[in-house]
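The values are calculated or read from the model by the stated rules, or taken from the named source; none is laboratory data. Because the structure is predicted, anything quoted here is derived from the model rather than measured. So basically every Cβ, Gly included, is an ideal-geometry build from the backbone, and we count neighbours across all protein chains shown.
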Amino acid sequence: MKLLFKQRLFSWFDSYDIYAENGSVLYEVKGQLSWGHCLKIFDAYGNELGTVKERVFTFLPKFELYLGEQYIGCISKEFSFFRPRFNIDCKGWSIEGDFFEWDYSVLDLNGAQIASVSKELFNWTDTYVIDVVNPNDALCVLMLVLAIDAEKCSRAKKG
């Protein structure tokens, strides 16, 4: 299952549309006014499905993931010198990727690929292609991609 993750060009808060391969909107992501990033995920009918919420007052960035109101895990940035690294406490998954965090894979405990994520260059806004092996994992993978993108945006604003 392929998803096209596209940030909206004109938006006060982080807003994204997530498209299926056929061009239909699967998810809509709306940023909320809060301390740190708070991203709400909705289906095509406007039903709230999940939330990615940044925890504030942590040494390194950390994002909590919720399906509905249920906490399912978190992703946090690890201290590293040369290559950004993330620790995932969700479903036993891990992330391996390149230096720029534009192309990476989400892996299960056995190293099998859950999803691959690649950034399309030369677009006006952040645009990613997310290839998910099992469609049932699509929402959780989307939440990880949102958290990593939010961390990169925060880092870019500071630097």
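Tell me, which strands (runs of 3 or more DSSP E) lie completely within region 45-121 with 2 or more residues that are among the small types (G, A, S) and at pLDDT 90 or above?
Passing ranges, in order: 113-119.
Go through the residues of region 2-16 one by one and say whether even a single one is surrounded by fewer than 16 Cβ atoms within 10 Å (Cβ to Cβ), modelled with pLDDT of 75 or more and among the aliphatic types (A, V, I, L, M).
no
For region 20-28, does any single residue satisfy the condition of being at pLDDT 95 or above, in contact with a helix residue (DSSP H, G or I) (Cβ under 7 Å, 6 or more places away or on another chain), closer than 18 Å to T127 by Cα and in a strand (DSSP E or B)?
Yes.
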